[in-house]
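> My questions all concern the structure below.
Read-outs: derived from the displayed coordinates by stated rules, not from any lab. Quantities reported herein were computed from a predicted structural model and do not represent experimental measurements. Please note: Cβ atoms are built from the backbone with ideal geometry, for glycine as well, and neighbour counts cover all protein chains shown.
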Amino acid sequence: MRETRTMRPRAAPNRLIAAAGLLTATMTTVATAQLLPGVPASPREKGPDELARMSLLPERVGIPVGGSAWVLVRLAIEPKWHVYWRNPGDSGVPVELKWTLPAGISAGEIRWPRPEVFRTPYEITYGYADEVGLLVELKASEEIGTGARSASIRGDWMICKEMCLIGGADRTFEIEVSGAVEADATDSDRVPITDSEAFAAIARWQAQVPVAPPEKMKLRQMVEFPNGFRADANENAGVLRLSGPAGRFSEVRFLPDATPGTTYPEGGPVEGRVASGRFEVEVPISVRPGDALGEALRAAGIVCLGNARTDPAFEIEVPIGPPTAGGSTAP
Amino acid sequence: MQVKTRLSRRLAIAAAAACCVSLAHAGLVDDVAAKAEVGKPAPAFTLTDTGGTTHNLADFKGKTVVLEWFSPYCPWSGGESRGSVHRNGKVKSLVEKMKAVDPNVVYVLVNSTHQGRPEKEIARDSDAVLATTGVKLPILMDYDGTVGKMYGAKVTPHLYVIDGEGVLRYQGAFDADRNSTDGSNYVLEAVTAIKNGETPSTASTRPYGCGVKYKR
């Protein structure tokens, strides 16, 4: 099997760059939302297809047989409007992507960049203003044949300023499956770069995606139930405790995920403290096993250092299960 | 009609205020209104609908009551969009299915929208939405937001199911899948469980929708 693969031609990045320049993906936009009743339409007002414009980078995705490639779904957002993170907060709905892919190609989960916090007199929400890039990994199976195929993506979003609209768009694009790469290939061989603009944009947004805490960071994440945890209890009061090195940052906050059965304090992100180069965040949680909707109970979210979109942020996830000695659970 | 509306609203505020003051004394709340809690008696209210009829929660004793927080401007609620549960047929389907399970079920909309607009305009826009959907439902006006805050209504649509004893049995999302037109439905499950003398298995979910634009 391996021998068969090594005999196939390697991906030819240079040739693909040239191809990308000659071929342009077919782009179609479908506006699906309309203005609200009672809001007079005027020539100055933009519809939701203009309030957020979706584009795909690269427009021609090169994937080796059995390999993968990153795709960036970019939304250019009208000033003062915003779309929502995977946990929208007090209100809102996350951006949703639906892929229609040829057999043998699959799409991974959205990698969400670190969101901004929006505060209004009514609510606190999480999302993105101006521009957001959502990264998705496309994978090709080992059995797929080489060649070009067409694919499409449907994006749906709720976009708000003082009022909210539902928008969406469709894009079609091309996937070029190339021969498998050699086992000893470098990363740049594995992911053929077909478009330098796409490469730069993907790198820029990848840098904003919260990562799993690296081993050497020794980030501690645990949930404690001072009064114990009972799966048959209506409600268990607990604390999610996070601590780790703060580097040069003096600010730290936790942004919760939407986790069925586990709720976090109202009023937005939970601020932590930094002392002697270490951060600590204590997040009071309430766990109602009956509200888990069949999912495994967990406390999850991201812990963010500093204030900039590009400052470090780490994925947090602590499963909540039967109590261990000491009444706490840790990963 | 106008006098009656204003008077009943004053009564509602008085009733709501009385409730919250007593709760505050009991040490259950600090400075904000008490949030409705599943498994506990639902907060009492008196509100007047857009047609001028007054509704008191106690009037529905013995019947299952579904409250749906509503806004004529939110695209997931009454706003003109494919996501609107009123315009895309989801509410019609839910009401029909609930009536088949329990013909006595009461389904009312509560409108806590203020958004700096006159109340009359909001009531008129709300009636206009319902005129297009083929389902006639009372729209209870909560212009001051007192009842919405008491229930902790965050978004439109945010749903609450109250049993015949006045106990809150479900709060949360309209349904499990905002993209479906007829998906799994927490509210129908709650109404069915109550009808069968059971406790709904899903009691609390995260609602989706637009934030309620309360009076500031």
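> List the relative contact order of the stretch B:67-126 as a percent without decimals, with contacts defined as Cα pairs under 8 Å and 6+ residues apart.
On the way: 60 pairs, mean separation 22.4, N = 60.
Averaging sequence separation for qualifying contacts and normalising by length gives 37 percent for the stretch B:67-126.
> Considering Cα pairs under 8 angstrom that are at least six residues apart, work out the relative contact order of the stretch B:87-191 and quote it in whole percent. Don't jump to the answer; show the numbers that get you there.
Numbers: 110 pairs, mean separation 28.0, N = 105.
Across the stretch B:87-191, relative contact order equals 27 percent.
> Give the span of the stretch A:215-329's Cα atoms along each principal axis, as three whole-Å numbers ordered largest to smallest.
So the three principal-axis extents are 44, 27, 24 Å.
> Might you report the magnitude of the Cβ-based charge dipole of the stretch A:273-319 about its Cα centre, with Lys and Arg at +1 and Asp and Glu at -1, to the nearest 20 debye? Write out the running numbers ahead of the final one.
Numbers: 5 positive and 7 negative charges, 27 e Å.
Dipole of the stretch A:273-319, to the nearest 20 debye: 120 debye.
> State, to one decimal in nm, how far the label point of A:Arg273 lies from the label point of B:Lys97, with both points 7 Å from Cα in the Cβ direction.
5.0
> Check B:His55: other-chain or 5+ apart residues with amide H under 5 Å from its amide H, H built from backbone geometry?
Excluding prolines and chain starts, which carry no amide H, the hits are B:Leu47, B:Thr48, B:Asp49.
> Now a separate question. Going by amide H atoms built from the backbone, whose H comes under 5 Å of the H on B:Ser77, apart from near neighbours?
Correct list: B:Val85.
> Using the structure shown, select from A:Lys161/B:Lys154; B:Lys61/B:Lys215; B:Lys97/B:Lys213; B:Lys136/B:Lys195 the pairs with a Cα to Cα distance greater than 20 angstrom.
Numbers: A:Lys161/B:Lys154 17 Å; B:Lys61/B:Lys215 30 Å; B:Lys97/B:Lys213 30 Å; B:Lys136/B:Lys195 23 Å.
The answer is B:Lys61/B:Lys215; B:Lys97/B:Lys213; B:Lys136/B:Lys195.
> Can you sort A:Met217, A:Met163, B:Met141 so the residue with the fewest Cβ neighbours within 10 Å comes first? Mind dumping the intermediate values first?
Numbers: A:Met217 14, A:Met163 18, B:Met141 25.
The most exposed by this proxy come first: A:Met217, A:Met163, B:Met141.
> Here's another thing I want to ask about it. How far apart, in nm, are the 7 Å Cα→Cβ label points at A:Lys46 and A:Glu235?
With each label point 7 Å from Cα toward Cβ, the separation is 4.4 nm.
> State the dimensionless ratio Rg/Rh of the stretch B:151-200 (Rg: radius of gyration of Cα atoms; Rh: Kirkwood radius).
0.99
> Could you work out, residue by residue across B:198-208, how many beta carbons of other chains sit within 10 Å of that residue's beta carbon, and then give the average as an integer?
Numbers: counts 0, 1, 1, 4, 6, 4, 7, 4, 8, 2, 7.
Mean partner shielding for this stretch: 4.
> To the nearest whole number, what is the average tally of beta carbon atoms from other chains within 10 Å of the beta carbons of peptide B:77-89?
Details: counts 1, 2, 11, 9, 11, 6, 9, 1, 0, 0, 0, 0, 0.
Across the residues of B:77-89, the mean count of other-chain Cβ atoms within 10 Å is 4.
> Oh, and also: Report the one residue of A:Gly268, A:Leu305, A:Pro245 whose Cα lies farthest in the direction of the positive end of the charge dipole of the stretch A:215-329 (charges on C-beta: Lys and Arg +1, Asp and Glu -1; origin at the Cα centre).
A:Pro245
> Please arrange A:Thr259, A:Thr146, B:Thr46 by counting, for each residue, the other beta carbons lying within 10 Å of its beta carbon, fewest first.
Working: A:Thr259 24, A:Thr146 16, B:Thr46 21.
Ranked by crowding around the Cβ, least crowded first: A:Thr146, B:Thr46, A:Thr259.
> Using a Förster radius of 30 Å, what is the FRET efficiency between A:Asn307 and B:Glu37 based on their Cβ-Cβ separation? Nearest 0.05, please. Please report the intermediate quantities before stating the final value.
Details: r = 36 Å, r/R0 = 1.19.
Step by step, r from the Cβ atoms, then E = 0.25.
> Would you mind computing the Rg to Rh ratio of the stretch B:67-216 from its alpha-carbon coordinates, Kirkwood style for Rh?
Numbers: Rg = 14.4 Å, Rh = 15.3 Å.
A ratio of 0.94.
> Based solely on C-alpha atoms, express the radius of gyration and the Dmax of the stretch A:37-177 in angstrom.
17.1, 55
> Shifting gears a bit: Testing the spin-label approximation: label points 7 Å from Cα along Cα→Cβ at A:Ser250 and B:Arg82. State their distance in nm.
5.0
> Read phi for every residue in the stretch A:217-227 and hand back ³J(HN,Hα) as whole Hz from Karplus 6.51 cos²θ - 1.76 cosθ + 1.60, θ = phi - 60°, with x for Gly and Pro.
6, 6, 6, 9, 9, 8, 10, 10, 10, x, 9
> For the pair A:Leu293 and A:Glu137, what calculated FRET efficiency results from E = 1/(1 + (r/R0)^6), where r is the Cβ-Cβ distance and R0 = 30 Å, to the nearest 0.05? Can you show the working numbers first?
Details: r = 27 Å, r/R0 = 0.89.
With a Förster radius of 30 Å, E is 0.65.
> To the nearest whole number, what is the average tally of beta carbon atoms from other chains within 10 Å of the beta carbons of peptide A:291-299? Don't skip to the answer; put the middle values down first.
Values: counts 8, 1, 7, 2, 0, 0, 0, 0, 0.
So the per-residue partner count for this stretch is 2.
> A further question on this structure: So what's the stretch B:106-150 giving for Rg/Rh, alpha carbon basis, Kirkwood Rh from the mean inverse pair distance?
On the way: Rg = 10.9 Å, Rh = 11.1 Å.
Rg divided by Rh gives 0.98.
> Using the beta-carbon distance between B:Thr53 and B:Gln115 and R0 = 35 Å, what value does 1/(1 + (r/R0)^6) give for FRET efficiency, to the nearest 0.05? Before the final figure, lay out the partial values.
On the way: r = 24 Å, r/R0 = 0.68.
For B:Thr53 and B:Gln115, the calculated efficiency is 0.90.
> In debye, nearest 20, what is the charge dipole magnitude of the stretch A:215-329 about its Cα centre with +1 on Lys and Arg Cβ and -1 on Asp and Glu Cβ, if you could check? Could you put the intermediate results ahead of the total?
Working: 12 positive and 15 negative charges, 93 e Å.
Dipole size: approximately 440 debye.
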